[in-house]
Amino acid sequence: MPDAIVIGGGVMGLASARELRKRAYGVTLLDRAQPGRAASWASAGIIGATLRDESNPSFELRQKSRELWPDFAQAIEDESGLDPEYRETGCLQLATDESELERVRRAGELDPQASFHDGGELRKLEPSLSPKLPGGLLVAGGNVDNRRLCRALEIAIRRAGVTIQTGTEVRALATSGGRVTGVQTAEQHLTADLVVLAAGAWSATIANVDPRPPVAPQRGQILALDQTRVGLRHVLLTPGDPYFVPRSDGRLVIGATREEAGWDASLTAGGVTWLLNRAMDVVPALGGCPIQEMWTGFRPLSEDGLPLIGRGGLDGLFFLTGHGPSGIAPLPGSVRLLMAFVDGHPPPVAPAPFDPLRFRRLES
Ligand SMILES: Cc1cc2nc3c(=O)[nH]c(=O)nc-3n(C[C@H](O)[C@H](O)[C@H](O)COP(=O)(O)OP(=O)(O)OC[C@H]3O[C@@H](n4cnc5c(N)ncnc54)[C@H](O)[C@@H]3O)c2cc1C
């Protein structure tokens, strides 16, 4: 049985460990802390919600993933016994002025599943929206409770026989003659035939990775209110954020700032005030809701904004990182694309825009 090591236990690492195990690899997942406690925990978990935009290479990946999500979520529940609470609530792209209204109206004309609503109709869908909003577009999509998803994936892969080592930071790849032979941690050298780099925002900190992934942390400040008395039902998106994600337990997740702040995980007065003020402009009744929680996370943002999925510059090395602000929505498609490289099967979407080697070509 060939051995695989997965570096990182966010959604990308957990889901790729699951797929490798299905392919009879002996899989060890290493996490410097605990699985499912970094960006994948901090996230809002919005799925779909995309306006049609064929010029963006990740559009096709997210569309493909949206098709895969219902079966993917069901399989994780079956394997773990824990419902990750994937819910197709529909997503409202709200316009805040006339030019934005025109933009969403035009986007709706390209999407047969979308329906355009003027201000009056909008408030029939969501009665607590501000009367100032001129309209919006209802598009397919919803959300998953990403914290439950991480936990369910972790249970599923443990049950399937994946070894998880927590508190184990990979310092470097071990290599020989142009191929990866394993990894070096602070305490041990582990050998493997195949290594998946899924270390999220930390992906550039590991030595000997070729090419060195230009992935950096982007801080997101985000919070949750108890919205039991307001009762929003759809995911709401506004131009330039914030967005609003209702969970089935009465929480409303409101996110998120997008900041270059290095590894500073602080919540700031400015960030939280911005989120709350903008949120109350869109849904005034939120002003009376209790704050349940506030937190931050580091999105793994690549230099060109697209993820790195596929073969690295060493035999046996694979990348699944750099998903930035959209790394829950494309999960099933991204992992399927990665596995197409492992199996040698046709990819589910055109792979070139996500090729990790594109950065090596830029350097030369
Ligand atoms: C505030 C916020 C809101 C978001 N909202 C959405 C959303 O609504 N929809 C959406 O699709 N996406 C969203 N995202 C983006 C999405 O959450 C991320 O793109 C995705 O979770 C990245 O997953 P990952 O597995 O690559 O990284 P992570 O979840 O960060 O996991 C990386 C893991 O690698 C481990 N690790 C790092 N270095 C090492 C090492 N050297 N050795 C061993 N282990 C290591 C870490 O401990 C961590 O567990 C949001 C992100 C944030 C921060």
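Computed from the C-alpha gyration tensor, the three semi-axes of the ellipsoid equivalent to the stretch 85-160 are 34, 14, 10 Å, from longest to shortest. A Stokes-Einstein calculation at 4 °C with viscosity 1.567 mPa s, built on the Kirkwood radius of the stretch 1-95 over Cα pairs, returns a diffusion coefficient of 84 µm²/s.
Solvent-free Debye calculation, one equal scatterer per alpha-carbon of the chain: log10 I(q)/I(0) at 0.06, 0.10, 0.13 Å⁻¹ equals -0.22, -0.62, -1.01. Taking the C-alpha atoms only, the angle from helix 331-343 to the longest principal axis of the chain is near 20 degrees. Taken one residue at a time, the phi angles of the stretch 142-150 give Karplus couplings (6.51, -1.76, 1.60, θ = phi - 60°) of x, 7, 10, 7, 4, 5, 5, 4, 4 Hz. Gly and Pro are set to x.
Roughly how tilted is helix 98-109, in degrees to the nearest 10 and between 0 and 90, from the longest Cα axis of the chain? That helix lies at roughly 60 degrees to the long axis.
Can you pull the percent of Cα pairs in the stretch 212-364 with separation above 24 Å? Counting pairs separated by more than 24 Å, the tail of P(r) holds 46 percent. Between the C-alpha center of the stretch 26-42 and that of the stretch 113-151 there is a gap of 32 Å. A cut-off of 5 Å between modelled amide H atoms, ignoring neighbours fewer than 5 places along the same chain, links Gly36 with Gly9, Gly10. Amide hydrogen proximity for Thr181: with H placed 1.01 Å from N in the peptide plane, the residues at 5 or more positions away or on another chain lying under 5 Å are Ala174, Thr175, Ser176.
Taking θ as phi - 60° and the Karplus parameters 6.51, -1.76 and 1.60, the scalar couplings of the stretch 165-182 work out to 10, 8, x, 10, 8, 7, 8, 7, 7, 8, 9, 7, x, x, 10, 7, 10, x Hz in sequence order, x denoting glycine and proline.
Taking only the C-alpha atoms of the stretch 182-275, Rg followed by Dmax gives 19.1, 55 Å.
Backbone phi angles across the stretch 353-359, fed through the Karplus curve with coefficients 6.51, -1.76 and 1.60 (θ = phi - 60°), yield HN-Hα couplings of x, 9, 4, x, 6, 4, 6 Hz in residue order; Gly and Pro are listed as x. The alpha-carbon of Lys124 sits under 25 angstrom from the alpha-carbons of these lysines, leaving out residues fewer than 8 places away in its chain: Lys132. The distance separating the Cα centre of the stretch 187-243 from that of the stretch 291-327 comes to 6 Å.
Close amide-amide hydrogen proximity is noted between Val215 and Ala204, each under 5 Å apart and 5 or more residues distant or on a separate chain (H modeled in the peptide plane; Pro and chain starts excluded). Of the options Gly119, Pro134, Leu68, report the single residue whose Cα projects farthest towards the positive end of the charge dipole of the stretch 44-193 (beta-carbon charges: Lys, Arg +1; Asp, Glu -1). Of the options given, the answer is Leu68. Across q = 0.22, 0.26, 0.29 Å⁻¹, the stretch 154-219 modelled as identical point scatterers on its alpha-carbon atoms has Debye log10 I(q)/I(0) values of -1.05, -1.22, -1.31, in the order of the q list.
The fewest-to-most ranking of Ile155, Ile291 by surrounding Cβ atoms within 10 Å reads Ile291, Ile155.
Over the C-alpha atoms of the stretch 216-256, the Rg to Rh ratio, Rh being the Kirkwood estimate, stands at 1.03.
Would you mind ranking Ile254, Ile328 by Cβ crowding within 10 Å, fewest neighbours first?
Details: Ile254 27, Ile328 24.
Least crowded to most crowded, the residues run Ile328, Ile254.
Where a number appears in this text, it was derived from the coordinates with a stated rule and is not lab data. Computed from a predicted structure; not experimentally measured. No Cβ is skipped: glycine too gets one built from the backbone with ideal geometry, and neighbour counts run over all protein chains shown.
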